[in-house]
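Q: Handing you a structure now.
The values are calculated or read from the model by the stated rules, or taken from the named source; none is laboratory data. Worth saying up front: this structure is predicted, and the values here are computed from it rather than measured. Cβ placement follows ideal geometry from the backbone for every residue including glycine, while neighbour counts extend to all protein chains displayed.
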Amino acid sequence: MDRIFSGIQPSGEIHIGNYVGAIRNWVQLTNRYDCIYCVVDYHAITIEYDVEMMQRRILDTATILAACGLTPDKCMVFVQSHVPEHTELAWIFNCVTPIGELERMTQFKEKSKQHRQNINMGLLDYPVLQAADILIYKAGYVPVGEDQTQHVELSREVARKFNARYGETFPEPQVLLSTAPRIAGTDGNAKMSKSMNNAIGLLEPPEVIWEKLRTAATCEHRQRRSDPGHPEHCNIFTMHTAFSKPDQIAFVDHNCRTAGFGCIECKEILHKNMVEELSPIQARVREMNKKPEYIIDVLKSGASRCKAIAEKVMDEVRTKIGIKSEWL
Ligand code: AQP
């Protein structure tokens, strides 16, 4: 079976962009692939973070993954720092990655603007660690949101450079996009992000979700109720495509274009569908939180299964680059 790898940062509250752009797709893929999913804590320390909160965030993120259906019978889930081979391989990849390739990464440029006080080496090197995350398992496919496609392309470049220098070792991983690869924030423009005040949290109660949807930006051409809208320019419509059934999407599309209903009615339908999908996940999270040892066991077993794979690949890499000491 082909292998899949993907990761999520414990950098804040998981939001519906993470869910429809990545996690929901991850669950579906477990039927067809050997899947490895990771809580990437070393990535999350590239920006300012609350040290006291980190362990809580890691466990909360893993709990959400399990509540969404990513359980050990279907896939491996673990914490990045529990398998140190990731960072070891990243160092080796640093030595084949041109700095210029990293400097042109869109995420690096954006995060450098967002975190002017803390433009650290980790921020620049982020995609190299990501390449190591993927390639330490020789994963062929990486299901991510649209924002991460450039980084996966860089992983391919890193694999090519390593293979050219040291001999065929790594596959060139391919991106797998979900059907909703980019959800904009409630402001309607920027990508919905944990670190921006524009996200709808996966665990938020219905009334909080409604308040965020009610005030969320819609198609700018629709100033009055009688103005026909353009669903293709409306983030609420994008959310419908992620949460509503095909007949409802067609209904919404028609009524928006013909001014058949107002944005509030459109948002009410979305809210109902969103809450219907998120409620069972929220209930499972509440159940899992009553037995925290379950998630700890999931992460421990995930790490030990992944470490076994990663150790073998590192052994091969050390041999290929000439640093394996037989006398040790
Ligand atoms: N708005 C989004 N729409 C679709 N997919 C998204 N993803 C993130 N935001 C959206 C996808 O979710 C997966 C996990 O993301 P991540 O936690 O590794 O980092 P990120 O992309 O940087 O997510 P955030 O929420 O924007 O976090 P911060 O604010 O900490 O940087 C990835 O597959 C991502 O594509």
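Q: Going through the range 124-163 one residue at a time, which ones are in contact with a Lys or Arg (Cβ under 7 Å, 6 or more places away or on another chain), farther than 10 Å from SER6 by Cα and away from the ligand (no atom under 12 Å from the Cβ)?
A: TYR137, LYS138, GLY140
Q: Please state which of the following conditions THR319 fails to meet, knowing it meets all the rest: (1) β-branched (Val, Ile, Thr); (2) surrounded by fewer than 15 Cβ atoms within 10 Å (Cβ to Cβ); (3) in contact (Cβ under 8 Å) with a residue 12 or more places away in the chain.
A: (3)
Q: For the range 120-149, give me each residue that is farther than 21 Å from ILE321 by Cβ and either assigned to a helix (DSSP H, G or I) or not assigned by TED's automatic domain parsing to the domain that holds GLY17 (or both).
A: Hits for the range 120-149 are MET121, GLY122, LEU123, LEU124, TYR126, GLU146, ASP147, GLN148, THR149.
Q: Let me ask something additional. When the residues of the range 180-191 are narrowed to those that are under 14 Å from the mean Cα position of the chain (by Cα) and closer than 16 Å to PHE243 by Cα, which ends up modelled with the lowest pLDDT?
A: Once the filter is applied, the top-ranked residue is ALA180.
Q: Please go through the range 35-44 and pick out each residue that is within 11 Å of the ligand (Cβ to nearest atom) and not in a helix (DSSP H, G or I).
A: If the condition is that a residue be within 11 Å of the ligand (Cβ to nearest atom) and not in a helix (DSSP H, G or I), then TYR37, CYS38, VAL39, VAL40 are the ones that fit.
Q: Identify, from the list GLY167, GLY201, the residue that is surrounded by fewer than 16 Cβ atoms within 10 Å (Cβ to Cβ), closer than 30 Å to TYR33 by Cβ and among the small types (Gly, Ala, Ser).
A: GLY167 is the lone residue from the list that is surrounded by fewer than 16 Cβ atoms within 10 Å (Cβ to Cβ), closer than 30 Å to TYR33 by Cβ and among the small types (Gly, Ala, Ser).
Q: Scan the range 150-177 and report the pairs whose first residue is part of a helix (DSSP H, G or I) and whose second residue is among the small types (Gly, Ala, Ser), with Cβ atoms within less than 7 Å and a gap of 6+ or a chain change.
A: Note: pairs meeting the criteria are LEU154/ALA131; SER155/ALA131; VAL158/ALA131.
Q: Identify, by number, the condition in (1) within 21 Å of LYS191 (Cβ to Cβ); (2) not in a helix (DSSP H, G or I) that ARG32 doesn't meet.
A: Result: ARG32 fails condition (1) only.
Q: Then there is this: Just to confirm my filter: which helices (runs of 4 or more DSSP H) fall fully inside the range 244-328 and include at least 2 residues that are closer than 28 Å to PRO84 by Cα and among the charged types (D, E, K, R)?
A: 292-321
Listed here are the residues, each with its yes/no results for (1) among the charged types (D, E, K, R); (2) within 14 Å of the ligand (Cβ to nearest atom).
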position	(1), (2)
ASP73	yes, no
MET76	no, no
PRO84	no, no
LEU89	no, no
LEU102	no, no
MET105	no, yes
LYS111	yes, yes
ARG116	yes, no
ILE119	no, no
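Q: Another one. Restricting the range 178-196 to residues that are among the hydrophobic types (A, V, I, L, M, F, W, C) and assigned to a loop (DSSP other than H, G, I, E, B), which is surrounded by the fewest Cβ atoms within 10 Å (Cβ to Cβ)?
A: Within the range 178-196, the match that is surrounded by the fewest Cβ atoms within 10 Å (Cβ to Cβ) is ALA190.
Q: Only residues in the range 253-274 that are on the phi < 0 side of the Ramachandran plot and of a type outside the set (S, T, N, Q) count as the first member; pair them with residues that are surrounded by 17 or more Cβ atoms within 10 Å (Cβ to Cβ) and not in a helix (DSSP H, G or I), Cβ under 6 angstrom, at least 6 apart or cross-chain, and list the lot.
A: Taking only residues 6 or more apart or on different chains, the pairs are CYS256/GLY229; CYS263/THR218.
Q: Looking only at the range 172-188, filter to residues that are touching a Leu at 6+ places or on another chain (Cβ under 8 Å) and of a type outside the set (A, V, I, L, M); which one of those is farthest from the ligand (Cβ to nearest atom)?
A: Only one residue fits best here, namely PRO173.
Q: Between a residue in the range 210-231 that is closer than 30 Å to SER279 by Cα and any residue that is surrounded by 15 or more Cβ atoms within 10 Å (Cβ to Cβ) and of a type in the set (Phe, Trp, Tyr), which pairs come within a Cβ distance under 6 Å, given they are 6 or more apart or on different chains?
A: Qualifying pairs under 6 Å: PRO231/PHE237.
Q: Something else: If I go through the range 1-28 residue by residue, how many of them are of a type outside the set (Val, Ile, Thr) and within 7 Å of the ligand (Cβ to nearest atom)?
A: Going through the range 1-28 one residue at a time, the tally reaches 10.
Q: Right, next: May I ask you to say which residue of PRO206, PRO228 is within 20 Å of ARG24 (Cβ to Cβ), surrounded by fewer than 20 Cβ atoms within 10 Å (Cβ to Cβ) and out of contact with any Pro (no Cβ under 9 Å at 6 or more places or on another chain)?
A: Unique residue meeting the criteria: PRO206.
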